Amino acid sequence: MYRTIRPASEDDDEVRADGGVVSDGPAADPAEPDRDVTTRLKERLDRRFGVDFIESSVFWLPPFLLMGLFVYGAVIWNLLISLTDYERFENAPDYSNLDFEMYTRALADSGFIDAAVNTLILLILFTAGTLAIGLILAILIDRGIRFENTFRTIYLLPMSLSFVVTAQFWLWIYNYNNGIANNVIGTFGFGPVSWLGNQDIVLYAIIFALMWQFSGYAMVVYLAGLRAIPTEHYEAAKVDGASTLKMYWRVIIPQLKGATISAAVVLMVFGMKAFDFLYSLVGGYRPPNGADILATKMVREAYANLNWAYGSAIAIVLFAMALSVIGPYLVYEYRRDNL
């Protein structure tokens, strides 16, 4: 029987003497599967974060590690201290017996409760009042008044001042004997008021001073939002016969929701940092009765009374309050694809 021999073509592989096949294609690299896994991982990270994740790590990784160590690491360490009974500097904290005794102590401390209530009042009234004043100023400026840039600079200038400067300025205004506040109300026949000595009004006097300092910030945020609204919306409201008040209340202000949320979060953070203002106002961390907030209570317990664990517990409560404000905002921005 004869076997038909087919002529070799260029596409056929050459048979080696040892029985193997010589291929014209590139030789297989044993490390190729590893490179494929690395490439797929890199592409997945790039798709997830929208940047060249691996190559850019040289820029974001060092500050990320430093922040993790000195910020979040400090928060975790502070949390651990709050679960001990550490005080003074006599011994190192004992981490072998952690409990919530300091938090229980805080709930039973009337001073802590008063400070917490004052903090909430300050945050709510300061934020709401500053937003209202900022919105009114923004609407007035947006209506094309003369010397717009001058007024905008005047309104924004107080925010550039430090808490120390602002506190000294309002100390002079609230001075019992020759302060501007008492001189003004004196023209209407009212007697002098001890603005910082009366525990019934001292907190509101402090809130008013803070509103004065940060209303310019709210004005800028709202003004940017107003300038982003198309003029057609104003014209359509006027065509429908809406008055100026109804136009702003029903058409314009609802479109400022994003600006309101962003400004409110920032203002609440500023309100939680009012310790600097109070410290400068009273010359220490013992504010007048009726004006004690969690920040001053925390510093007083930790540095004056040397109750480090108790002060750390108050600090964790403050951190939880800040997180309850910033956390929902970050979720809100994430759902809007702004993060």
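The values are calculated or read from the model by the stated rules, or taken from the named source; none is laboratory data. Computed from a prediction, not measured in an experiment: that's the story for all the values here. All Cβ positions, glycine included, derive from the backbone under ideal geometry; neighbour counts span all protein chains shown.
For this structure, a couple of remarks:
- Candidate set from region 149-163 (those that are under 23 Å from the mean Cα position of the chain (by Cα) and aromatic (Phe, Trp, Tyr)); member that is surrounded by the most Cβ atoms within 10 Å (Cβ to Cβ): 155
Okay, residues lined up against (1) free of Cβ contacts under 8 Å to residues at least 40 places away in the same chain; (2) touching a Gly at 6+ places or on another chain (Cβ under 7 Å); (3) part of a helix (DSSP H, G or I); (4) buried (at least 17 other Cβ atoms within 10 Å of the Cβ):
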| residue | (1), (2), (3), (4) |
| --- | --- |
| 165 | yes, no, yes, no |
| 172 | yes, yes, yes, no |
| 175 | yes, no, no, no |
| 189 | yes, no, no, no |
| 200 | no, yes, no, no |
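- The set of residues from region 292-339 being in contact (Cβ under 8 Å) with a residue 40 or more places away in the chain, of a type in the set (Val, Ile, Thr) and part of a helix (DSSP H, G or I) comprises 296, 314, 316, 317, 325, 326.
- Residue pairs meeting the criteria (Cβ under 8 Å; at least 6 apart or on separate chains; first more than 16 Å from residue 273 (Cα to Cα), in region 207-221; second of a type in the set (D, E, K, R) and part of a helix (DSSP H, G or I)): 219/152; 220/152
- Within region 121-165, restricting attention to residues that are touching a Phe, Trp or Tyr at 6+ places or on another chain (Cβ under 7 Å) and not hydrophobic (A, V, I, L, M, F, W, C), the residue that is farthest from residue 295 (Cα to Cα) is 134.
- Checking residue 252 against (1) within 26 Å of residue 281 (Cβ to Cβ); (2) in contact (Cβ under 8 Å) with a residue 24 or more places away in the chain; (3) surrounded by 16 or more Cβ atoms within 10 Å (Cβ to Cβ), the condition it does not meet: (1)
Okay, residues lined up against (1) among the aromatic types (Phe, Trp, Tyr); (2) closer than 30 Å to residue 332 by Cβ; (3) at pLDDT below 90:
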| position | (1), (2), (3) |
| --- | --- |
| 170 | yes, no, no |
| 179 | no, no, no |
| 186 | no, no, no |
| 198 | no, no, yes |
| 205 | no, no, no |
| 227 | no, yes, no |
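- Boolean, residue 264 is over 30 Å from residue 85 (Cβ atoms) and in a helix (DSSP H, G or I): yes
- Residue ID - farthest from residue 321 (Cα to Cα), chosen from residues in region 74-132 that are crowded, with 20+ Cβ neighbours inside 10 Å and of a type in the set (Ser, Thr, Tyr): 86
- Of all residues making up region 133-151, the number that are in contact (Cβ under 8 Å) with a residue 24 or more places away in the chain and among the acidic types (Asp, Glu): 1
- Pick from region 267-291, criterion within 28 Å of residue 90 (Cβ to Cβ) and not in a helix (DSSP H, G or I), ranking: modelled with the highest pLDDT: 286
- Some residue of region 258-266 being buried (at least 21 other Cβ atoms within 10 Å of the Cβ), in contact (Cβ under 8 Å) with a residue 60 or more places away in the chain and within 30 Å of residue 89 (Cβ to Cβ): no
- Residues satisfying the stated conditions in region 104-120, i.e. in a helix (DSSP H, G or I) and free of Cβ contacts under 8 Å to residues at least 60 places away in the same chain: 104, 107, 110, 113, 117, 120
- Matching residues in region 121-132 - criterion: being touching a residue at least 12 places away in the same chain (Cβ under 8 Å) and either more than 16 Å from residue 206 (Cα to Cα) or outside any helix (DSSP H, G or I) (or both): 131
- Take the conditions (1) at pLDDT 85 or above; (2) more than 28 Å from residue 85 (Cα to Cα); residue 302 misses just one of them, which is (2).
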